[in-house]
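Structure first, then comments.
The values are calculated or read from the model by the stated rules, or taken from the named source; none is laboratory data. Keep in mind the model is a prediction, meaning the values are calculated, not measured. A quick note on method: Cβ atoms are made from the backbone with ideal geometry, for glycine too, and the neighbour counts reach across all protein chains shown. Just the protein is used for accessible areas: all its heavy atoms, side chains included, with ligands, DNA and RNA removed. Shrake-Rupley method; radii C 1.70, N 1.55, O 1.52, S 1.80 Å.
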Amino acid sequence: MELYKTNQLKIYNSLSKTKEVFKPVIEGKVGMYVCGPTVYSNVHLGNVRTFMSFDMIFRYLKHLGYKVRYVRNITDAGHLENDADAGEDRIAKKARLEEIEPMEVVQRYTVDFHETLQKINNLPPSIEPTATGHIVEQIEIIKDILEKGLAYEVNGSVYFDVLKYNENEHYGILSGRNIEDSIHNTRELDGQSEKKNPQDFALWKKADERHIMRWPSPWSNGFPGWHLECSAMSTKYLGETFDIHGGGMDLKFPHHECEIAQSKTKNGVEPVNYWMHANMLILNGQKMAKSTGNYILPNEIFSGDNKILSKAFSPSATRFFMLQANYRSILDFTNTGLEAAEKGYIKLMEALSNIDKIEVSKESSIDIKAWKQKCYDAMNDDFNTPVLIANLFEAVKFVNLLIEKKATISTEDLAVFKATLNAFVFDVLGLKNELKEDSSDKLSGVVSMLIKMRKDARDNKDWALSDKIRDELAALGIQLKDGKEGTTFSIN
RNA sequence: GGCGUCGUGGCCGAGUGGCUAGGCUGGGCUCUGCAAAAGCUCCUACAGCGGUUCGAAUCCGCUCGACGCCUCCA
């Protein structure tokens, strides 16, 4: 029987601001949409945290036995840059600066995005559609909204009429805003004179001469507006009402608000049952963002080539660091935080490597079933990975006690213990054991030989020789551990 | 100025109306030739001020502060 039938998963819904029992539209199946990156530069660690959070969610849903269709778009056109070059597409601008084709920029950074997420061990989504691949669908939505009178055309551009929509719906329902407030509090921006109201947003923008990326439409040669692609692609692949929509907290307004307005106008139903927002990763107390330069790239962490960290940290240690915080909490990225996480990660991995050394008994002195349940309880409570990890450290203790024979476990319990531990560590959290298991027999053979030589030396009380062997191995990153049952080693 | 999230021990981070996670760091003990590892253990916190309550860090109010959004942004 599928696990979801016996586990009551609760999800914090940004729309209701409460934790709700998760019930998919179709039993046993989940449709999940997550706003993907705009591929105009290298993906930074803040982006990665969001995608990693939803990867963990994707993994747990699958673990529970749901058939999940996970859609995450690639924004390769359509986002306007609102600076001096008003109306210019971000990707087109980058292309002109680098004197290459726009799709070359798209290709380069899409590849970077995929490589980075793969390094951090994210699973690929089920479908990864592109904005440029869905221009037709977007045009159809604009036509429909125009017909319903909730959009208007000016000089070849089409804008969504927010005030009119707000007559019957609540624009701001997700972000807790009222349109009246924003009318009084919106700063004046240049280049918006075409709009009836500053709150209106573009569905279609006419391209000027310099704009390279353009498509024909009934209104002009141009490009789709800021928020339309997600409405188009989520509806196409997941249906008019789907289960989970995710994204970074900073997309809540206006992006997701606009999505709701567009989709609701087009389809007449609530587009999303559960809105989920991953919180920001900050660096030195400040937001990590490309625009301010306050950011770190994942590769700079893995290589150690950066000015923030004292050394390089592996993808799994980095992933573990982020999973130790709740996805809804702001997390500060610091050197000491990463160092602490790395140590914990190594401790966990060593315990997992040692699990095969456990010998079984007739009876169990530890309650494996209760421990297992605590792991599920943590994840069922809105994907509480910090509590899950606390339980995993309890498991580490179990492993060490069992190896030292200070606790006992039955064959049956050990099987459950191993399966559960592996499922949560590797399948759900998506960690990898990066400890150089170099179980290449040659190396472990050599070390075993040295351990034997050291034992002889110790038996002869030749401490100088035994310590020399230990210290020189340590200098090579091989640590010897003397236990009751003999000496073992680990490679760092 | 508006909206929102949040303020937990040396640090990071859960949680919650009474039983007070976990990790890292530091101290002590056991084991050990010494060390490391491991086990045990200690350091016992919830921004401030009021209020509700038998009882609040947990609920309510105010103050202060941090961060985010309000313009593309995970």
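Qualifying GluC sites (Glu not before Pro) in segment A:1-40, where qualification requires a DSSP coil assignment and no more than 11 other C-beta atoms within 10 Å, comprise A:E27. Could you tell me which of rounded, prolate or oblate describes segment A:3-278, using a ≥ b ≥ c as the square roots of the eigenvalues of the alpha-carbon gyration tensor, with rounded for a/c under 1.5 and, failing that, prolate when a/b is larger than b/c and oblate otherwise? Since a/c reaches 1.5 but b/c is at least a/b, the shape of segment A:3-278 is classed as oblate. For A:K406, the accessible surface of its heavy atoms amounts to roughly 140 Å² (probe 1.4 Å, protein chains only, rounded to the nearest 10). With R₀ fixed at 41 Å, the C-beta to C-beta distance from A:K29 to A:M449 puts the FRET efficiency at about 0.15.
Take the Cα of A:N335, step 7 Å toward its Cβ, do the same at A:K369, and the gap between the two points is 5.0 nm.
Among residues other than A:M322 whose Cβ falls under 13 Å from its Cβ, what is the net charge (Lys/Arg +1, Asp/Glu -1)? Overall, the nearby charge balance is 0. Rg of the Cα atoms in chain A, relative to 2.2 N^0.38 Å, amounts to 1.17.
Just to confirm my numbers, what's the Cα centroid distance between segment A:203-248 and segment A:105-169 in Å? If we compute the Cα centre of each part, the gap is 3 Å. Using alpha carbons only, how many angstrom separate the centre of segment A:393-436 from the centre of segment A:325-344? Each part's Cα centre sits 23 Å from the other's. Expressed to the nearest 5 percent, the antiparallel share of DSSP beta bridges inside segment A:220-349 is 25 percent. Restricting attention to chain A, close to 55% of DSSP beta bridges with both partner residues there are antiparallel.
What shape does segment A:441-491 take by its C-alpha gyration tensor, where a ≥ b ≥ c are the square roots of the eigenvalues and a/c under 1.5 counts as rounded, a/b above b/c as prolate, and the rest as oblate? Prolate is the answer for segment A:441-491, as a/c is 1.5 or above and a/b outweighs b/c. Once you have a ≥ b ≥ c as the square roots of the Cα gyration tensor eigenvalues for segment A:247-368, tell me rounded if a/c is under 1.5, and otherwise prolate or oblate according to whether a/b is larger than b/c. Since a/c reaches 1.5 but b/c is at least a/b, the shape of segment A:247-368 is classed as oblate.
Note on A:V269 and A:K481: the model spin-label points, each 7 Å out from Cα along the C-beta direction, lie 5.5 nm apart. Legend: calculated FRET efficiency, A:D144 to A:K19, from the Cβ-Cβ distance at R0 = 41 Å, rounded to 0.05, equals 0.70. Selection among A:A289, A:N400, A:V387 by position relative to the dipole of segment A:282-428 gives A:A289 as farthest towards the positive end (Cβ unit charges, Cα centre). Solvent-accessible surface of protein heavy atoms, probed at 1.4 angstrom with all chains present, puts A:R177, A:R454 in the order A:R177, A:R454, largest first. Here chain A exposes an accessible surface that is 50 percent carbon and sulfur, computed with a 1.4 Å probe and the other protein chains kept in place. Once all protein chains are placed together, A:V111 keeps about 60 Å² accessible to a 1.4 angstrom probe. Taking all protein chains together and a 1.4 Å probe, the residues A:W204, A:W215 rank A:W215, A:W204 from largest to smallest accessible area. What share of Cα pairs, in percent, lie more than 29 angstrom apart in segment A:312-466? Here the tail beyond 29 Å accounts for 32 percent of pairs.
With θ taken as phi - 60° and the Karplus curve 6.51 cos²θ - 1.76 cosθ + 1.60 applied, the whole-hertz 3J(HN,Hα) list for segment A:201-209 is 10, 6, 9, 9, 10, 6, 8, 7, 4 Hz, x standing for glycine and proline. Note on A:S310 and A:K468: the extension gain reaches 54.0 nm, defined as 0.36 nm multiplied by sequence separation minus the Cα-Cα distance.
A probe of 1.4 angstrom, applied to the heavy atoms of all protein chains, finds A:I127 with accessible area near 40 square angstrom.
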